[in-house]
Amino acid sequence: MNTIKELVCEYLYLEEKDKDEKEFEAIFQSLFIEDMDHAIIGIGMMFGSYERVVYDQSKLGDLGNLDDLSNKDILLWEDMKLEDIAEKYPDFMTMDGYDYAVIGIVKESKSIKAAIAYDYDSVLDVSVKMGMTYEEAVEFFDYNQIGAYVGPHTPIFINVMVDKFDKEQV
């Protein structure tokens, strides 16, 4: 039985055998917050960047302060409805027709950058409902969505792993 952290490591190909011990430990320390596995929700993907672990900021307690996490290369997720995001963050970029896939906002721990967060699987579902095959939806996503920079608030996509982890535990 895998832990959510092991599932994330597997997804990110972070297996110790592929790296020397110091390199692996440095990567591991920058991606994870000690004793906070319960707050991991998935993997965040954004234009021009590598994938990072996403934490539910509401489950971090006192650690939810970005200043306390400046040595971590993680993303902090906050649950927020699209209409609240539009009101609070009018500069955030949204994707027409994908409102269903919005799951909140994400902030980077090492900067002040924040953006709207979309659920990766839901984005693909919406594209399929628009008439694409699954393969076309993935290609469209890779080229036109994750592959498009639209300014400092370019959307972030989260591969939500909490549900997948819960299903594995059954």
(message) Considering only the range 50-69, I want to know if a residue exists there that is more than 24 Å from residue 9 (Cβ to Cβ), acidic (Asp, Glu) and either in contact with a His (Cβ under 9 Å, 6 or more places away or on another chain) or modelled with pLDDT of 85 or more (or both).
(response) no
(request) Specify which of the listed residues (122, 111) is surrounded by 13 or more Cβ atoms within 10 Å (Cβ to Cβ) and of a type in the set (Ser, Thr, Tyr). (result) 122
(message) Any residue that is loosely packed, with under 15 Cβ neighbours inside 10 Å, in contact (Cβ under 8 Å) with a residue 24 or more places away in the chain and within 22 Å of residue 51 (Cα to Cα) - is there at least one of those in the range 126-147?
(response) yes
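Going through the range 43-54 one residue at a time, which ones are farther than 11 Å from residue 78 by Cβ and in a strand (DSSP E or B)? If you could, list the steps in order and put the result at the bottom.
Here is the first cut: in the range 43-54, the residues farther than 11 Å from residue 78 by Cβ are 43-53.
If the condition is that a residue be farther than 11 Å from residue 78 by Cβ and in a strand (DSSP E or B), then 43, 44, 45, 52, 53 are the ones that fit.
The values are calculated or read from the model by the stated rules, or taken from the named source; none is laboratory data. For clarity, every value in this text was computed on a predicted model and none was experimentally measured. When we count neighbours, we look across all protein chains shown, and the Cβ atoms used for this are built from the backbone with ideal geometry, even at glycine.
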